[in-house]
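See structure below.
The values are calculated or read from the model by the stated rules, or taken from the named source; none is laboratory data. This one's a predicted model, so the numbers in the text were calculated from it and none came from an experiment. Cβ placement follows ideal geometry from the backbone for every residue including glycine, while neighbour counts extend to all protein chains displayed.
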Amino acid sequence: MVGTILGASGLVAYSLYPEELWLATLLEGLALICLIVFFVLHFETVKAFSTKRSTRMGANSLLMVVLFAGILVIVNFLATRHTMQWDFSETQRFTLSPQTHRVLRGLTREVKITVFSQERSASFNTYRDLLDSYRSHSDKLRIEYVDPERRPGLARQLGVTRTDTAIVESGGQTNRVTTASEAELTGALIRVSKDEKKRIVFLEGHGERGTADQNKGGFSLVKAALEKQGYDVGALTLLQESAVPANTAVLVLAGPRRPVTKEEQDRIGRYVAGGGRLLAMVDPGSQADLDGLLAPWGVKTGKGVLVDFQDRLAQSGINFLLIRRFTEHEITQDLTSVVLFPDSRHLVLDDAENRTWSAIPLAQTSPQSRAVMNAQGGAFKLDDKSDVKGPLPLAVASTPKQPAAEGHHQPAIVIVGNSSFASNAYVNFPGNTDFLLHAMGWLAEERDLISITPKEPAMRPFVPNPAEERTLFYVQVLLLPALTVFWGIMTWRRRRRL
């Protein structure tokens with residue numbers, strides 16, 4: 001009896017105080033000693049009892065129970081340490097994105113996440129499901145759930161004024177999450193796990209799209225997306241500066257409309273030659289005249305406006321291109337959605353052997369596309385002689401053929417013949433944000449950490465081109481009803497003969 005009590009006490013002690021392993025070991029050791037003493041003192045009684053027929057039958061039953069219990073214990077042990085999950089939801093809402101996996105694998109220090117929410121809140125379950133998935137992929141996370149009504153002091157200490165808020169802390173840095181989404185949580189992990197933010201600078205002074213502009217043509221949503229990725233976003237006027245600041249990770253020309261002076265282009269060229277990174281978005285009809293700047297890198301801007309009779313947005317103009325063709329590159333390797341480029345121009349690659357830079361097209365139009373030279377006021381006059389027929393590149397990445405010397409940064413540029421795809425009006429189109437952040441992550445040399453925003457648990461709409469739209473119309477509106485009517489008539493005739 002004493003041994004049984006000691007054994008049960010050891011199990012209880014281990015379950016309540018797992019860190020006090022010595023206590024459970026002591027109790028279980030005493031229980032084992034009591035068991036041995038019992039068998040020594042009552043050996044003859046145990047021997048006589050074991051020879052009975054009822055004992056043998058009971059022993060067999062007990063052995064089966066012990067074996068079955070052992071199997072359950074082993075299976076449970078393996079399941080606890082090697083968990084497997086299957087996500088059968090239509091949108092894969094319970095599956096973390098590849099980018100989040102890279103962030104979790106890249107954590108080098110402990111991150112504490114405190115969620116201020118109540119169990120009756122809908123966001124509580126979302127937070128819990130997401131963070132359980134996060135924790136299964138990283139042992140660097142410490143997660144605590146706090147009811148702000150029960151612990152108002154802690155909420156005030158961390159400056160939490162509303163429920164369903166998560167505070168992410170690491171290395172003396174703190175970030176606040178107010179939306180229970182993978183994008184917000186992953187962005188917060190990126191920000192607190194970095195000791196230094198990389199700076200992205202947008203050039204101003206030539207009619208570029210402004211990061212403070214909240215209108216349809218502005219870039220305020222781009223700025224917000226970049227800040228969620230952990231970047232520091234700023235602006236620069238090169239007419240007032242003698243050089244691009246040395247702490248600039250990426251310099252962005254967001255659709256300049258007025259000429260960029262020779263002095264400014266020289267400063268940009270020196271910045272890139274010194275290991276800088278440049279993203280240039282040039283719209284058709286722009287007077288920026290950047291060909292002199294881009295030519296040494298093996299790229300020039302083509303004339304005219306791109307139109308496509310195959311891959312374009314249905315119910316829109318032929319200049320609203322749906323880009324589905326991407327070249328194998330680090331920027332495009334994870335793209336799964338089409339990218340919408342409204343009102344674009346093509347790019348011309350100079351592949352001469354004496355070039356010191358290698359330019360690679362990232363995105364191309366379909367064979368049914370062309371660059372129309374006569375395009376005014378949204379009207380396109382096709383001319384087989386002057387127009388340039390597709391497929392044509394409208395996004396290019398260029399890097400030096402020779403690697404940079406040891407201790408120096410490798411320069412790189414990305415040129416896109418369109419800036420409106422990243423404007424507030426179109427940046428949330430499926431694929432547009434992904435393409436932009438892919439390019440920005442590659443330029444900022446953070447592609448091993450994260451390149452695109454994690455996928456939200458939302459439906460990805462099917463975006464048909466005109467040919468697909470006509471096919472759907474013929475099948476759904478004409479063919480299927482006609483088959484139904486035909487089958488009904490045949491059934492009616494067959495029954496009438498009976």
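Within segment 351-359, is even one residue out of contact with any helix residue (DSSP H, G or I) (no Cβ under 7 Å at 6 or more places or on another chain), surrounded by fewer than 17 Cβ atoms within 10 Å (Cβ to Cβ) and part of a strand (DSSP E or B)?
Scanning segment 351-359, I find at least one residue that is out of contact with any helix residue (DSSP H, G or I) (no Cβ under 7 Å at 6 or more places or on another chain), surrounded by fewer than 17 Cβ atoms within 10 Å (Cβ to Cβ) and part of a strand (DSSP E or B), so the answer is yes.
One line per residue, one yes/no per condition, for (1) closer than 25 Å to GLY106 by Cβ; (2) within 21 Å of the chain's Cα centre (by Cα); (3) not basic (Lys, Arg):
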position: ARG135; (1), (2), (3): yes, yes, no
position: ARG150; (1), (2), (3): no, no, no
position: GLY153; (1), (2), (3): no, no, yes
position: THR163; (1), (2), (3): no, no, yes
position: ALA166; (1), (2), (3): yes, yes, yes
position: ILE200; (1), (2), (3): yes, yes, yes
position: GLN214; (1), (2), (3): no, no, yes
position: VAL222; (1), (2), (3): yes, yes, yes
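List the helices (runs of 4 or more DSSP H) that sit entirely inside segment 383-498 and contain at least 1 residues that are at pLDDT below 80.
On the way: elements: 432-443, 466-472, 480-497.
The helices (runs of 4 or more DSSP H) meeting that bar are 466-472, 480-497.
Can THR327 be described as crowded, with 20+ Cβ neighbours inside 10 Å and in contact with a strand residue (DSSP E or B) (Cβ under 6 Å, 6 or more places away or on another chain)? Break it down stepwise before answering.
Values: crowded, with 20+ Cβ neighbours inside 10 Å: no; in contact with a strand residue (DSSP E or B) (Cβ under 6 Å, 6 or more places away or on another chain): yes.
Judged against the criteria, THR327 is not a match.
If the requirement is being within 30 Å of ASP434 (Cβ to Cβ), in contact (Cβ under 8 Å) with a residue 12 or more places away in the chain and of a type outside the set (Asp, Glu), which of these qualifies: ARG191, ARG162, ARG142?
Values: ARG162 fails: within 30 Å of ASP434 (Cβ to Cβ); ARG142 fails: within 30 Å of ASP434 (Cβ to Cβ).
The unique qualifying residue is ARG191.
Residues LEU347, LEU293: which one is without any contact (Cβ under 8 Å) to a residue 60 or more places away in the chain, buried (at least 17 other Cβ atoms within 10 Å of the Cβ) and either hydrophobic (A, V, I, L, M, F, W, C) or closer than 22 Å to ASP434 by Cβ (or both)? Write out each step before concluding.
On the way: LEU347 fails: without any contact (Cβ under 8 Å) to a residue 60 or more places away in the chain.
Checking each option against the conditions leaves just LEU293.
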